[in-house]
Each structure stands twice: as C-alpha cells, then as structure tokens.
1. Checking I42 against (1) buried (at least 21 other Cβ atoms within 10 Å of the Cβ); (2) at pLDDT 85 or above; (3) assigned to a loop (DSSP other than H, G, I, E, B), only one condition comes out false. Which one?
2. Filter region 50-69 down to the residues that are open to solvent by 30 Å² or more (accessible area, probe 1.4 Å) and part of a loop (DSSP other than H, G, I, E, B), then identify the one that is modelled with the highest pLDDT.
3. With respect to A47, is the statement that it is within 29 Å of the chain's Cα centre (by Cα), small (G, A, S) and modelled with pLDDT of 85 or more true?
4. Taking the residues in region 285-301 that are in contact with a strand residue (DSSP E or B) (Cβ under 6 Å, 6 or more places away or on another chain) and surrounded by fewer than 22 Cβ atoms within 10 Å (Cβ to Cβ) as candidates, determine which candidate is nearest to D102 (Cα to Cα).
5. Among the listed residues L127, L121, which satisfies the condition of being within 19 Å of L288 (Cβ to Cβ) and either of a type outside the set (V, I, T) or modelled with pLDDT of 90 or more (or both)?
6. Pick from region 115-154 the residues that are among the basic types (K, R) and under 17 Å from S85 (Cα atoms): which of them is least open to solvent (accessible area, probe 1.4 Å)?
7. Is at least one residue of region 70-88 closer than 27 Å to G194 by Cα, touching an Asp or Glu at 6+ places or on another chain (Cβ under 6 Å), modelled with pLDDT under 90 and of a type in the set (A, V, I, L, M)?
8. Select the strands (runs of 3 or more DSSP E) contained entirely in region 214-313, then report the ones holding at least 1 residues which are under 19 Å from S95 (Cα atoms), out of contact with any helix residue (DSSP H, G or I) (no Cβ under 9 Å at 6 or more places or on another chain) and modelled with pLDDT under 80.
Amino acid sequence: MNEGGFLAELVPERRLRRLELMITRRLDGLLHGTYLGLLPGIGSEPAGSREYRPGEDEVRRMDWSVTARTTVPHVRTLDADRELSTHVLVDASASMDFGTADLEKRELAIAAVAAVGFLTLGNGNRLGAHLLTGEGIRRFPARGGRTALLSLLRAMMLAPRNQKEAGLAGGIDAMHRQTPRTGLVVVVSDFLDGLDDDGLGPGAPAWEEPLRRLAARHQVLAVQVGDPREEELPDVGLLTLVDPESGRRREVPTASRRLRERYAAAAAQQQATIAQAVKRAGAAHLPLRTDRDWVADIVRHVHARRRLSRAAAKPRRNPR
C-alpha cells in the first residue's frame, strides 16, 4: 500500500499513528532545530546559550566565551529554540473534498498539518489551528505536546463535510485578528477560492490582501494542495465534472485535443495567478500534490529555506 492511501483505510487512531510514524521516520534528522528552517527570518535573535549536542548543532553556532568559561562546549541559542507558537489555518471547504490520485486534497491538508506539527514539536513550542468550514471557523487554542497535536489531527479527520462556501479571505482575516503574538502561521488550502474569473483575469485573488496583512506581522507559509486533474484532463471520452461548491454537473468530451490544451493552458494561468499572489503577499509558497511524494516535497522546501537562511547569515566582506 502506498504512503498516501492509508488515510481511507484505517480508523482514526491507527491512521494517526501510521501518519506519525511515517512522518517522523522520513523527517528524521530534520526534527531537531527545524523550526529554524521552515521559513527564513524565524529565530534570528540571540537568546543565550546551551550545551552543544553532537550531530545536531552546527559548529558555527558555538558560543566560545561560554565554552571557555565552563570548559563545556556550548552553542548560541536563538529565539526559535525557546517557546514559540505556530498557528495553522486549514481550508476544509467543499473544494478540498476532491482527489483522483493517492488521496484527497483534504487528506493531504491533514498530512501537511501533521508534518508542520511534528517539525515544530518540542522545546515548549505550541500549535494552534483555525479550521475553515462551510459552517464557519472552528478554533483550536495553541497547545504544546504530542497529545495535543494528535487531538487536533483527529478533529480534522472527523470534521463534517459540506457543500457551503467557506471564504478563505475571511478565514485569513480572522487568523490575523486572533493571533496577535508574532510567530509562524501556515495557511493550508487549494487557494481556488476568491480568484477573479477563475484566476484568468487581471484582478488579484480576494485572499491576497488579507494574506499580505498577515505576513506583515507573522512569518507565513502558504501550503497549496492540488490534484493533477485540476491541471490537465485525461483522454477518457465523455467526462462528468462536478463543481464541489455548487454541485453543478457538466459533461465534457475529453477526446478533443484542442479542449484538453485549452483546459491545460487555463489551469496553468490559474496556478501562476496563485503563485504570484502568494509571492506579492510576502509569504513563502509550498505546493503539494496528491500524486506526488509530499514528504519529499516538504523536505526539499525545508532544505531550500535552510540554504537561504545560511546564505543570508554569512558575513559579507567589504570591497577594498
């Protein structure tokens, strides 16, 4: 069985346990100090020192003055090593109940939250969440520890499905109002809500300005979940498409190559609109797809952010 298909086969407790084991096994080696690598800018202020941990700490972070005074190797600690709060906004609207590959987008969103949770677990860090549904916003206060994380994931798995419009822009605004303390905010959505003319027009998505306001206060990571059928149509003859928000159905003759090309071009433009809006808002962008190895994509994102942070931290020599 592949790593994505487990979500539909096991009861919640076993699903959670398998999800935890798979994430911690594959992210082993990133789980210590990875808060520093999720986004650049987090944990840049000195906050003291602690004993050096071989294999986990970088030599360049050695605190030589404390090491000389105590004769025990110490490293400088940063704000990220102290208690911090991470908040996730999870889109659970009807458009997330779609998937044609290993799992649905809703399941991929839960997996992404689990990865963020396990990456930031420890050192007293806390995780809170806003679950955006058609019935409104369900809020989970920030709590620390594995038990609290598993409780949040279980609630997400058991959240009712509905066909009502949730409103991503409103959800981001609520997150901004209710998380005054600066920290890391992760928005998990397909970002299809609020696009002008299905993302093909010149207008900015409705959620861009709220996302910009959120990013002005917090470090923001936009995790975009998608499915391959949202980017291209298969040649399977007559295909029935259903709008998950309205329930409207439409028969599409996919045998037409011209139609498939037009669909792919429109989808590419839509994806470009989303990526550009996230960038303009000042958030980091992590696309995940239901037919890809999402854990590997998260690992690549973390490594890329770490490289950027290290490059920015290197002292620059003044030209002579």
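1. So I42 meets the others, but not (2).
2. Initially, region 50-69 is screened for residues open to solvent by 30 Å² or more (accessible area, probe 1.4 Å), giving 50-56, 58-61, 64-65, 68-69.
Adding the requirement that they be part of a loop (DSSP other than H, G, I, E, B) leaves 52-56, 58.
On the way: Y52: 84, R53: 77, P54: 77, G55: 62, E56: 60, E58: 63.
Among them, the one singled out is Y52.
3. Details: within 29 Å of the chain's Cα centre (by Cα): yes; small (G, A, S): yes; modelled with pLDDT of 85 or more: no.
It is false that A47 is within 29 Å of the chain's Cα centre (by Cα), small (G, A, S) and modelled with pLDDT of 85 or more.
4. We begin by selecting, within region 285-301, every residue in contact with a strand residue (DSSP E or B) (Cβ under 6 Å, 6 or more places away or on another chain); these are 285-289, 294, 297, 301.
So of that shortlist, the ones also surrounded by fewer than 22 Cβ atoms within 10 Å (Cβ to Cβ) come out as 285, 287, 289, 297, 301.
On the way: H285: 22, P287: 16, R289: 10, D297: 15, H301: 21 Å.
Only one residue fits best here, namely R289.
5. Values: L121 fails: within 19 Å of L288 (Cβ to Cβ).
Among L127, L121, only L127 is within 19 Å of L288 (Cβ to Cβ) and either of a type outside the set (V, I, T) or modelled with pLDDT of 90 or more (or both).
6. Restricting attention to region 115-154, the residues satisfying the condition of being among the basic types (K, R) are 126, 138-139, 143, 146, 154.
Now restrict to residues that are under 17 Å from S85 (Cα atoms): 126, 139, 143, 146.
Details: R126: 78, R139: 129, R143: 129, R146: 103 Å².
It comes out as R126.
7. Within region 70-88, the first condition is being closer than 27 Å to G194 by Cα, and the residues that meet it are 86-88.
Those still in the list that are touching an Asp or Glu at 6+ places or on another chain (Cβ under 6 Å) too: none.
No, region 70-88 contains no residue that is closer than 27 Å to G194 by Cα, touching an Asp or Glu at 6+ places or on another chain (Cβ under 6 Å), modelled with pLDDT under 90 and of a type in the set (A, V, I, L, M).
8. Numbers: elements: 219-226, 238-242, 249-253, 284-289.
By residue number, 238-242, 249-253.
The values are calculated or read from the model by the stated rules, or taken from the named source; none is laboratory data. Worth saying up front: this structure is predicted, and the values here are computed from it rather than measured. In this analysis, Cβ positions are derived from the backbone assuming ideal geometry, glycine residues included, and neighbour counts consider all displayed protein chains. All accessible areas refer to the heavy atoms of the entire protein, side chains included, with ligands and DNA or RNA removed. Shrake-Rupley method; radii C 1.70, N 1.55, O 1.52, S 1.80 Å.
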